[in-house]
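One structure is given here, and the rest of the page talks about it.
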Ligand SMILES: [Zn+2]
């Protein structure tokens, strides 16, 4: 599904229209050590908002990854986008029932503390479910990945999320899309939250989720459940819920 995004909210609203010329850009993604994916950046589009870099090839037919940067593309953004795409592919392969076709575009943008949910210093996320768009804002030095910690306490000025890294934020935002796409399942999840008690889930899932409600608990639990080191330690009913949902 390809969407034309319109700039509804005026300047800086985070909606970007993908109109403009398309140019060919060669070259490899700058690597980060030996694990760096070897891929080519095939094209970039020039939009009214600046360069929209399109990092191909898309491992999911339906989801396009863009780096949206109004100025000069910063050094860290290509490897970050590649890392996110690799994570996304892992999720799509590991969880075949993930509603990937409902996620049209993933946007990686420079740090912007004023946009969306704050996960850590330099990492914010925002999902626009009805457009199928996930926005991640990150500084170049934001940690790519980290362990998940259930019930993590937020540090001063930070959010108590299970995984505040770039990929943790990304999985959290994907969780919001999943909840939006799978409405019946989300209703079931809300029932589990009511049964177990939202407050109690602050310790066993996420302090941020517990403070914010079932939407955020879902996204947090999803981020933990889909972590590549997930060890099955979410509350049993939540763990069973996700297992039934995806397997
Ligand atoms: Zn959230």
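Where a number appears in this text, it was derived from the coordinates with a stated rule and is not lab data. Because the structure is a prediction, the values reported are computed rather than measured.
Quick notes
- Region 173-247: C-alpha gyration tensor shape, a/c 1.5 cut-off, then a/b vs b/c: rounded
- Percentage relative contact order, region 118-247, counting C-alpha pairs under 8 Å, at least six apart: 24
- Cα centroid separation, region 109-182 to region 230-247: 21 Å.
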